[in-house]
Every structure is written in C-alpha cells, then in structure tokens.
Amino acid sequence: MATICIADDDITSRHTLRAIVTGEGHEVVEASDGAEALRAVNERRVDLLLTDIFMPGIEGLEVIRILRESHPGLPVIAFTTGSTFTAYETLNWARSYGVSGALTKPFSREDILGEVRKILPRA
C-alpha cells in the first residue's frame, strides 16, 4: 500500500484522517505544520500528501508551491475550512498549483476515500 503524509495543525483532524487511510491499509506520516510536511516528503518516499491550507508557519499553499518544484509528480489533496465563499476561492487557488483533489472541512470518510482512491490504486 501507499505512504500518505497528513499535514494539519489540528491534531483531531490528523488523527481522524490517519484512522480513515490506515483503515484502507495505507501507512501514514503525520506533520503538524508545513515545515514538518516538507521534511517528511524530503526524508522518505511519500506517495500522496493530504494538506490543510491554513497552518502556522509555512502554510499549505506554500508547501504545494515548493513541492511542485522539488517533487513535481507528488499528488496532493488540499483541504480547508471556512465560509463557503472563502473555502471555494482558496481551493481554486490550490487547484491552480496543480493539486489532484480539494475538499472543504468538514468532510466525510467517503469524501476522503473517494479522493484518495482516484489517485492511489487499490492493492
């Protein structure tokens, strides 16, 4: 199965996402901010990044921008919370960076797995 990096400053969200994707047999690396996400991707083979857009320090959009240069083939699913209009604008911006998927919090287990399955083949 795949290794997925989950980057979110909200520990509850990280643990929820971990439970969802490990339930499908994937390995997870957690990152509490953008800097940790970049370290994780640079230090090991990661098959998919799930990243929050708004985090302290290096935000998700900056992580995506950096990874487009250093790891152009790495699929990314971006997510955010906020008002529908703000979330919509932010996720459209993320799409302009070439993300593979974009979700608005709160999302369901089916939402996450649907996006992950579009990117990662089932073993």
May I have the convex hull volume per residue, in Å³, for the Cα set of the chain? 90
Stretch in the chain that is longest and holds no trypsin sites (Lys or Arg not before Pro) that DSSP places in a loop and that have at most 15 other beta carbons within 10 Å: 46-121
Tell me, what ³J(HN,Hα) does each residue in the stretch 112-117 have, in order and in whole Hz, if you take phi through Karplus 6.51 cos²θ - 1.76 cosθ + 1.60 with θ = phi - 60° and put x for Gly and Pro? 4, 5, x, 5, 4, 5
At 7 Å along the Cα-to-beta-carbon direction for both Ile11 and Lys118, put a label point, then send me their distance in nm to one decimal. 3.2
Put in order of increasing Cβ neighbours within 10 Å, starting from the fewest, Asp33, Asp10 give Asp10, Asp33
Treat each spin label as a single point 7 Å out from the Cα along the C-beta direction, and report the Glu89 to Ser70 distance in nm. 3.0
Quick check: Cα centre of the stretch 55-117 to Cα centre of the stretch 10-48, how many Å? 14
Met1, Met55 arranged by Cβ crowding within 10 Å, fewest neighbours leading: Met1, Met55
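As a test of the formula, what do you get for the chain when each DSSP H run with n ≥ 4 contributes -39,500 (n - 2.57) and the sum is divided by the residue count, at 222 nm and rounded to the nearest 500 deg cm²/dmol?
Numbers: 5 runs with 57 residues, N = 123.
Computed mean residue ellipticity for the chain: -14000 deg cm²/dmol.
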Treating the beta-carbon of each Lys and Arg as +1 and of each Asp and Glu as -1, no other charges, what is the dipole magnitude of the stretch 3-119 about its Cα centre, to the nearest 20 debye? 300
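FYI, it's all coordinate maths here, none of it is from the lab. These numbers were taken from a predicted model, which means no experiment stands behind them. All Cβ positions, glycine included, derive from the backbone under ideal geometry; neighbour counts span all protein chains shown.
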